[in-house]
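The values are calculated or read from the model by the stated rules, or taken from the named source; none is laboratory data. Treat the numbers as computed from the prediction; the structure is a model and nothing was measured. Ideal geometry is used to build each Cβ from the backbone, glycine not excepted, and the neighbour counts take in all protein chains shown.
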Amino acid sequence: MKLTLHVWRQSGPNDVGRHERYEADDVSEHMSFLEMLDVVNERLTERGEEPIAFEHDCREGICGTCGMMINGVPHGPKSMTTACQLHMRSFRDGDEIWIEPWRATAFPVLKDLVVDRAGFDRIIASGGYVTVRTGSAPDGNAMPVPKDDADAAFDAATCIGCGACVAACPNASAMLFTSAKVAHLAALPQGQTERWDRVLGMVETHDAEGFGNCTNHGACETACPKGISIDYIAQLNRDLIRATLNAKPVGNGTRG
Amino acid sequence: MSRVATLYRSTVGKKVLMAVSGAVLFGFVFVHMVGNLKMLFPPDAAGHYAMDVYAEYLRDFGYPLVPHAGVLWIARFVLLVAVGIHIVSAVQLARLSRAARPRGYAKEKSLSLSYASRTMRWGGVILLLFIVYHILHFTTGQAHSSFVAGAVHRNYVVAFQSPIVYGVYFVAQLALCFHLYHGVWSFFQTLGLSHPKYNHLRRPFAVGFALVVFVGFLTPPTLVLVGVVS
């Protein structure tokens, strides 16, 4: 199949950037989207041009490294699918495809389609951990966890931190990501010690990073390749309200 | 207090204010809608319209414990504060959103769940303009063709005999319906009123609430326009 690509090219963080048009001939429908870009890059390299920079790692849909706006949709048209798992059979011969990086103040473009997602790491660092006793491994099932809680925690934990929620959100909010990380640990007994500190710290960092606010559009849920539910955002809101308005002692309490 | 300040400083805290002030306003809108249904009743034996009796009751509510129109003014003050908080929060949050994505996409496809969620901000502006017009129209009377203070039933009928006035109110109610649909659902979401067992009821409740308000507000004017109520 033959495709026309409009790819965002930006040589570095300070370049203004522009869309470049590329004709991709002999694309096989069995290629993944990233393999299609690999072929385009090969042609570019042969012509002595700079290949298109994009991030990728596992190419199995589990690491969260790849991700780009494909025709205005994070990870492209197929739901619950990362860009690396998207195949060219989802497109038709002669299609025009617009490929852009995630757009958010908190995700500055480093080069072409690569954005700096260190903001996510800083959100994690400000609360996405639990305190455990080190030494010998604890006995299995020593701490009973109700099945519903375990399932809720696991569903939240499937977040791969790709940033599609931020990219899709009209407000560039990272609430779906943050809420998944908060809810994942808040659902488990091991996460209770730091529960209130966690939500305070992570929301504070979320805001400080320059992510927007959630206006309950639900675009993030639609875009999420792991199908994380916005119910977790409601849970984050509830935990934050409880952490700030309740007189509960707040962990080791550096805040409030 | 410092914890309350922490909540307020966060984007979530501003949304909480949005939700709580919004709840005050949708409570008001519902009661207002129920009050307007008085237009459907014929006058009593003494020739008093139910609407006029109700309007008098609102002015005298709480008397003689409080002065005439005392409770009415307290209610107006509370509503004004709620509208103020709602607008200030909306402006703050809209500015944060703009700062969070100054540059949009060349090709954009909306993945939002509803048309209503995408039109909250402009819908809100339409509603604000409508409220100003509505107060000038039925409370102070400057925007009314022949306003008579206290003759609520008469003012109402005269106003809605004009298809233009009816059209303005119809558009405003449509905007309100969309605003309420997303607002009521968002209220639950923002305050964390979420439970796996009851979450499936939140959307239908929001739809039901918005539709009841829409139909309730527009029934009397429609009957005036077609000449059933006079």
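If we keep just the residues of the stretch A:38-71 that are closer than 21 Å to residue A:89 by Cβ and in contact (Cβ under 8 Å) with a residue 40 or more places away in the chain, which is surrounded by the fewest Cβ atoms within 10 Å (Cβ to Cβ)?
That would be A:61.
Suppose we filter the stretch B:95-104 for residues that are at the interface with chain A (Cβ under 9 Å from one of its Cβ atoms) and either in a helix (DSSP H, G or I) or of a type in the set (A, V, I, L, M, F, W, C) (or both); how many remain?
Counting residues in the stretch B:95-104 that are at the interface with chain A (Cβ under 9 Å from one of its Cβ atoms) and either in a helix (DSSP H, G or I) or of a type in the set (A, V, I, L, M, F, W, C) (or both) gives 5.
Conditions tested, residue by residue: (1) part of a helix (DSSP H, G or I); (2) modelled with pLDDT under 95.
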| position | (1), (2) |
| --- | --- |
| A:136 | no, yes |
| A:142 | no, yes |
| A:154 | yes, no |
| A:190 | yes, yes |
| A:207 | yes, no |
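Would you confirm whether any residue within the stretch B:154-168 is of a type in the set (Gly, Ala, Ser), without any contact (Cβ under 8 Å) to a residue 40 or more places away in the chain and loosely packed, with under 13 Cβ neighbours inside 10 Å?
Within the stretch B:154-168, one or more residues are of a type in the set (Gly, Ala, Ser), without any contact (Cβ under 8 Å) to a residue 40 or more places away in the chain and loosely packed, with under 13 Cβ neighbours inside 10 Å.
What single numbered condition from (1) within 14 Å of another protein chain (Cβ to nearest Cβ); (2) without any contact (Cβ under 8 Å) to a residue 24 or more places away in the chain fails to hold for residue B:66?
(1)
Has the stretch A:82-103 got any residue that is more than 11 Å from residue A:34 (Cα to Cα), surrounded by fewer than 18 Cβ atoms within 10 Å (Cβ to Cβ), at pLDDT 95 or above and touching a helix residue (DSSP H, G or I) at 6+ places or on another chain (Cβ under 6 Å)?
Checked the stretch A:82-103: no residue is more than 11 Å from residue A:34 (Cα to Cα), surrounded by fewer than 18 Cβ atoms within 10 Å (Cβ to Cβ), at pLDDT 95 or above and touching a helix residue (DSSP H, G or I) at 6+ places or on another chain (Cβ under 6 Å).
Can you tell me which of (1) outside any loop (DSSP other than H, G, I, E, B); (2) within 11 Å of another protein chain (Cβ to nearest Cβ) is the one residue A:172 doesn't meet?
Residue A:172 satisfies all of (1) outside any loop (DSSP other than H, G, I, E, B); (2) within 11 Å of another protein chain (Cβ to nearest Cβ) except (1).
How many residues, within the stretch A:7-28, are closer than 14 Å to residue A:91 by Cβ and surrounded by 13 or more Cβ atoms within 10 Å (Cβ to Cβ)?
Qualifying residue count for the region: 2.
Keeping to the stretch A:113-153, report how many residues are among the charged types (D, E, K, R) and away from chain B (no Cβ under 14 Å).
Residues meeting the conditions: 6.
For residue B:173, state whether it is assigned to a helix (DSSP H, G or I), surrounded by 15 or more Cβ atoms within 10 Å (Cβ to Cβ), away from chain A (no Cβ under 14 Å) and at pLDDT 95 or above.
yes
If you check residue A:178 against the conditions, is it crowded, with 24+ Cβ neighbours inside 10 Å, within 13 Å of chain B (Cβ to nearest Cβ) and hydroxyl-bearing (Ser, Thr, Tyr)?
When the stated conditions are applied, residue A:178 passes them.
When you scan the stretch A:126-145, do you find a residue that is within 22 Å of residue A:211 (Cβ to Cβ) and touching a Gly at 6+ places or on another chain (Cβ under 8 Å), even just one?
yes
When you scan the stretch A:85-97, do you find a residue that is within 30 Å of residue A:208 (Cα to Cα) and either among the basic types (Lys, Arg) or in the same structural domain as residue A:10 (by TED's automatic domain parsing) (or both), even just one?
Looking for residues that are within 30 Å of residue A:208 (Cα to Cα) and either among the basic types (Lys, Arg) or in the same structural domain as residue A:10 (by TED's automatic domain parsing) (or both), one finds none in the stretch A:85-97, hence no.
For the stretch B:1-31, how many residues meet the condition of being free of Cβ contacts under 8 Å to residues at least 60 places away in the same chain and more than 12 Å from every other protein chain (Cβ to nearest Cβ)?
4
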